[in-house]
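Accompanying notes for the structure given below.
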Amino acid sequence: MDAISITGLTATGFHGVFPEERLNGQRFVVDVELGLHVETRSDELSDTVDYAGIADLIRAEIEGEPCRLIETLAGRIADRCLSNSLVQQVRVTVHKPQAPVPHELSDLSVTITRSSHEQRSL
């Protein structure tokens, strides 16, 4: 399987368990790796995934309806990516570098992997 990656897409969202997170918002960073068969004999956008379109939907999920857990946000992003019929698998990492934890850390993240087969069986 081939892969297309989008790394470091950053936007402000209002996700989190604590009221101040949902009120003030914070920066989220998302990395996505799409697993698919990349057509190398064609030079047509219609034969692959539109990177800008995927980036737009990731940003829309970050900026969209708040959820309490970044696991949920990662799942929403995965579902949106898998709605593209060319995408067979997706790996999503949601970074929450400003997570309100009582320890010094440079990042906190969740990574999930989903496949179109799993999505169809739900």
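Details
- Counted residue by residue at 0.36 nm each, then reduced by the alpha carbon distance between them, the extension gain from GLU63 to THR113 reaches 15.8 nm.
- Set against the labelled values (i) 44; (ii) 19; (iii) 29, percent of Cα pairs over 24 Å apart computed from this structure falls on (iii).
- Global geometry of the stretch 54-122, whether rounded, prolate or oblate, following the gyration tensor of its Cα atoms and the 1.5 cut on a/c: prolate
- GluC sites (Glu not before Pro), loop per DSSP, at most 12 other Cβ atoms within 10 Å - longest free stretch of the chain: 45-103
- Shown here for the stretch 8-45: trypsin sites (Lys or Arg not before Pro) in loop regions (DSSP other than H, G, I, E, B) with at most 14 other Cβ atoms within 10 Å, namely ARG41.
- For LEU9, residues with placed amide H under 5 Å, excluding near neighbours: VAL30
- The string of couplings for the stretch 22-31 from the Karplus curve (6.51, -1.76, 1.60, θ = phi - 60°) is 6, 8, 8, x, 6, 7, 10, 10, 10, 10 Hz, one whole number per residue in order, with x for Gly and Pro.
- Entry note, the chain: relative contact order of 27 percent, from Cα contacts under 8 Å with a spacing of 6+ residues.
- Phi angles of the stretch 93-99 translate, via the Karplus equation with coefficients 6.51, -1.76, 1.60 and θ = phi - 60°, into HN-Hα couplings of 10, 10, 9, 10, x, 9, 4 Hz per residue; Gly and Pro are given as x.
- Backbone N within the stretch 59-89 under 17 Å of label point (7 Å from SER5 Cα along the Cβ vector): 89
- Residues whose amide H lies under 5 Å from that of LEU108, counting only those 5 or more places away or on a different chain, are LYS96, ALA99; hydrogens are built 1.01 Å from N in the peptide plane.
- Which of VAL29, SER42, ILE54, positive extreme of dipole for the stretch 1-54 (C-beta unit charges): VAL29
- Computed from backbone phi, the HN-Hα couplings of the stretch 40-45 come to 9, 8, 10, 10, 10, 4 Hz, rounded to whole numbers (Karplus: 6.51 cos²θ - 1.76 cosθ + 1.60, θ = phi - 60°; Gly and Pro given as x).
Where a number appears in this text, it was derived from the coordinates with a stated rule and is not lab data. These numbers were taken from a predicted model, which means no experiment stands behind them. Don't worry about glycine lacking a Cβ; one is built from the backbone with ideal geometry, like all the others, and counts go over all protein chains shown.
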